[in-house]
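Trainee: Here it is, the structure, as structure tokens.
The values are calculated or read from the model by the stated rules, or taken from the named source; none is laboratory data. What you are looking at is a predicted structure, and each value in this text was computed from that prediction instead of being measured. Methodologically, a virtual Cβ is constructed for each residue, glycine included, from the backbone with ideal geometry; neighbour enumeration extends over all protein chains shown. Just the protein is used for accessible areas: all its heavy atoms, side chains included, with ligands, DNA and RNA removed. Shrake-Rupley method; radii C 1.70, N 1.55, O 1.52, S 1.80 Å.
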Amino acid sequence: KIPITFKPLEKELYSDQVEFSTRTDKFTVNVQAVLPTYSIDLPHSLEFETCGIQTTACKTFTLVNRSIETYFKWNVAAPFSIEPALGLLPEKGTAMSRSNLLPARLMSMIPKQLF
């Protein structure tokens, strides 16, 4: 037995083969480097009840991280906001967030936030 360790020099996808030879035979071993990917579950949309001007309607939702530690930052347009606006979602962890609807003026809209 000979232990062999491959360490990537850069964070990139890699696929190759290494050929080994013995006195009587040759064989190849596939070597692959794969990158971790993000996998976060969140609702596709949130539906709010109708609310008055300068009145806040709130909906709470959960972010579920199914992969690596992930930073997040929300960028949403008024009259919506999300708290916390940024954060760190631990590996295979969850985080509670709250979406707020605060209309500043009379609007004709379906109070729904899409992600």
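Trainee: Just the residues that are of a type in the set (Ser, Thr, Tyr), open to solvent by 80 Å² or more (accessible area, probe 1.4 Å) and either under 30 Å from Met96 (Cβ atoms) or in contact (Cβ under 8 Å) with a residue 60 or more places away in the chain (or both), please, taken from region 1-44.
Mentor: Matches in region 1-44: Thr37, Tyr38.
Trainee: Right, next: Taking only pairs six or more apart or across chains, which ones have beta-carbon atoms under 6 Å, a first residue in region 61-75 that is under 19 Å from Arg98 (Cβ atoms), and a second residue that is among the acidic types (Asp, Glu)?
Mentor: Once the first residue is under 19 Å from Arg98 (Cβ atoms) and sits in region 61-75, its partners that are among the acidic types (Asp, Glu) give Val64/Asp41.
Trainee: Looking only at region 12-69, count how many residues are under 20 Å from Pro84 (Cα atoms) and among the acidic types (Asp, Glu).
Mentor: Of the residues in region 12-69, 3 are under 20 Å from Pro84 (Cα atoms) and among the acidic types (Asp, Glu).
Trainee: So, of the residues in region 62-101 that are in a strand (DSSP E or B) and of a type in the set (D, E, K, R), which turns out to be most open to solvent (accessible area, probe 1.4 Å)?
Mentor: Lys73
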